Amino acid sequence: MRLRHVKYAKDLIQAHPEFIITQPKQYRGRWQKRFNNTNPIEIEIGCGKGKFIYESALNHPEKNFIGIEKFDSVIVRALEKVIDHPLPNLLLVRMDATEIHDVFMPGEIDGLYLNFSDPWPKKRHAKRRLTSPRFLERYHLILKENSYIQMKTDNYPLFEYSMMMFNHHLQYDIQSCFIDLYRCDVSENIQTEFEKKFVSEGHSIFYLKIIYKGVAHEKVL
């Protein structure tokens, strides 16, 4: 899908440092201080226009939430939601997810969401998938023991690949696995913009919940 350029995105982002952070490395190990509380922190990588992360923060004031997105023209839509209705437990971060281990300290994150990530279908692009070995190693560097990762996708090849990757790493344990999330109780499920569209078109939504055990392992290159 082609990214639509938003001309004012950069200026709006720069005008609201209270809601969106563009130099996040300065907060490494200090995110709870930035939120001014000691509540657990959960992040969404690829928050898009922000529906999921915003509603998660609205529904769970006892937690802190961080939405991560790489592109100005996408995250600005999430920023507009926050500007209109600010939440004290929600921050947005404009960054590349490959640097996540430089932004968060070991054990700083209690939960991680991967919602409808780019499947990068070509084999030569596999390392770019957010469940590739290089990303699982980065998650290991920031997740707290017994924290979790939740993943949703409409792409079965990505779902299958992700199951294999998590099974390959001893520090991750697949707790829940659904090939059609909407045949289950979805009363607590928060939809993303993409998910709402896919469900209306009759697509199956594949779901994984993984527990991070924090066990010792060999470094994956």
Take the Cβ-Cβ distance between residue 30 and residue 201 as r, set R0 to 41 Å, and report the resulting FRET efficiency rounded to the nearest 0.05.
0.45
How far apart, in nm, are two points set 7 Å out from the Cα along the Cα-to-Cβ line at residue 175 and at residue 16?
3.2
Helix-only mean residue ellipticity at 222 nm, the chain, DSSP H runs n ≥ 4 weighted -39,500 (n - 2.57), per residue, nearest 500. What is it?
-8500 deg cm²/dmol
Using the Cα atoms as the points, what is the convex hull volume per residue of region 1-54 in Å³?
119
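Please return the longest stretch of the chain lacking exposed loop sites, where GluC sites (Glu not before Pro) count only if DSSP places them in a loop and at most 15 other Cβ atoms lie within 10 Å.
Looking at the chain, 63-187 is the longest stretch - no exposed GluC sites (Glu not before Pro) with at most 15 other Cβ atoms within 10 Å.
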Tell me which residues come under 5 Å, amide H to amide H, from residue 114 once H is placed; ignore anything under 5 positions away on its chain.
150, 151, 152
With a Förster distance of 25 angstrom and the Cβ-Cβ distance between residue 98 and residue 167, calculated FRET efficiency to the nearest 0.05 equals 0.60
Taking the reciprocal of mean 1/r across every pair of different Cα atoms in the chain, the Kirkwood radius in Å is 17.8
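No lab work stands behind these numbers, since they all come straight from the coordinates. As the structure is a prediction and not an experimental result, all values here were calculated from the model. Neighbour counts are summed over all protein chains in view; Cβ atoms, including those assigned to glycine, are modelled from backbone coordinates with ideal geometry.
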